[in-house]
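To start, the structure under review is shown below, and the notes come after it.
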Amino acid sequence: MTELIIEEQESPFKKGVQAGLSIAIGYAPVALTFGLLAKTTGLTMGEAMLMSIIVFAGAAQYISLSLIALGTSAFEIILTTFIVNIRHFLMSTALNEKAEDDSLLYKAIYSFSITDESFSVVATREGVLKTGFILGVNLIGYFSWVIFTGVGFVIGANLSETLQESMSVALYAMFIGLLVPSMKKGVKVIYLAALAAIFNTIFTYAELLSTGWAIVVATLLSAILVEFVESIKQSKGDNHEQ
Amino acid sequence: MNSEMVWMIIGMGAVTYISRLAPFLLFHGRELPSFIQGVLKNVPYATLGALIFPGVLFISEDIWFGLLGAAFAFVAAYLGANVIIVVLGSILILSGYSFLFS
């Protein structure tokens, strides 16, 4: 037993927990805000925490709240969640290359808690990734996310009505806060966001599609169109070089 | 807990887990076509655009309520404020706005 404890102090898992600490700290305010917004959206504390426990995906959880507030159907919300989270596919694909060969059971366990943040911490490491290390990074973020969702919900219960009304902007402010730093890095992001915004506005005002579908279709149209234009540009660029 | 809500959450969790797990099951050194990889990388930014507009205009009957909040968030984020400051600042601005104009 003593040997086991000594061994664990040096374990990849513990190193992972240490490396993931910054994620845990970073998640705290975001999860707090989620818990608080879940409360204002009308979810129970159990539902809010269940979402953080089962889904564990920040953007998708925030999005689902705004869709719930809009009265969107469960099917559309699940589909939107799928579309928003399909980017995990890429991260897992990259991780699959970099992770040590281990049983599929372990991979199935740690893949549950892969996020943009844990991926960026893990994928920037040199060499082959140990299963324990990935698990450590992922788990500390996970616990922070779940616990602070609950804390945020409890705090949210004591907010004044005026403040709760003003909080309805929080989701949108958060989306803008996530988008703008990326926009500064490249024009492509601006085109992507602007096109999707224009498509969604057209769909909404023309009442062509329901809210959830409008977001899904606008997103895919914009993502495909921008990629298409970019690949044409690239192939033209290649021709010029020749 | 509302059972429809619980099932929806389980559904959200399932579809999220599928995209996290599937590559480990499917790929062994194989790569997706680069066009599809590109589209997937574009999705988060496009989603954000579609989520912000036109939804932000509808958060209150007063269209300026949402526009003011969005404008503040944009400027704050552009100046380099982190997401939490952007969120809390927008809430504060709109609290002030509704205190003054309603």
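Annotations
- Residue count for region A:98-114, restricted to those that are open to solvent by 50 Å² or more (accessible area, probe 1.4 Å) and either touching a Phe, Trp or Tyr at 6+ places or on another chain (Cβ under 8 Å) or β-branched (Val, Ile, Thr) (or both): 3
- Count of region A:67-77 residues which are open to solvent by 10 Å² or more (accessible area, probe 1.4 Å) and either of a type in the set (Ser, Thr, Tyr) or in a helix (DSSP H, G or I) (or both): 7
- Single condition B:Asp62 does not satisfy, out of (1) under 20 Å from A:Asn85 (Cβ atoms); (2) surrounded by fewer than 19 Cβ atoms within 10 Å (Cβ to Cβ): (1)
- Cβ separations smaller than 7 Å between residues 6+ apart or across chains give the following pairs from region B:74-102 residues that are without any contact (Cβ under 8 Å) to a residue 60 or more places away in the chain and over 14 Å from A:Ala173 (Cα atoms) to residues that are open to solvent by 20 Å² or more (accessible area, probe 1.4 Å) and among the charged types (D, E, K, R): B:Ser98/A:Glu165.
- Long-range neighbours under 6 Å by Cβ, at least six apart or interchain, first residue at pLDDT 90 or above within region A:94-122, second among the basic types (Lys, Arg) and in a helix (DSSP H, G or I): A:Ser111/B:Arg20; A:Ile114/B:Arg20
- Failed item in (1) in contact with a Pro (Cβ under 7 Å, 6 or more places away or on another chain); (2) at pLDDT 95 or above, with A:Ile54 passing the rest: (1)
- Just one of (1) outside any helix (DSSP H, G or I); (2) under 23 Å from B:Phe24 (Cβ atoms) fails for A:Ile53. It is (1).
- Scanning region A:42-77 for residues that are among the hydroxyl-bearing types (Ser, Thr, Tyr) and facing another protein chain (nearest Cβ under 7 Å) turns up A:Thr44, A:Ser64, A:Ser66.
- Test: B:Phe74 is open to solvent by 40 Å² or more (accessible area, probe 1.4 Å) and under 15 Å from A:Gly177 (Cα atoms): yes
The values are calculated or read from the model by the stated rules, or taken from the named source; none is laboratory data. These numbers come from a predicted model, not from an experiment. Note: ideal-geometry Cβ built from the backbone for every residue, glycine included; neighbour counts use all protein chains shown. Heavy atoms of the whole protein, side chains included, go into the accessibility calculation; ligands, DNA and RNA do not. Shrake-Rupley method; radii C 1.70, N 1.55, O 1.52, S 1.80 Å.
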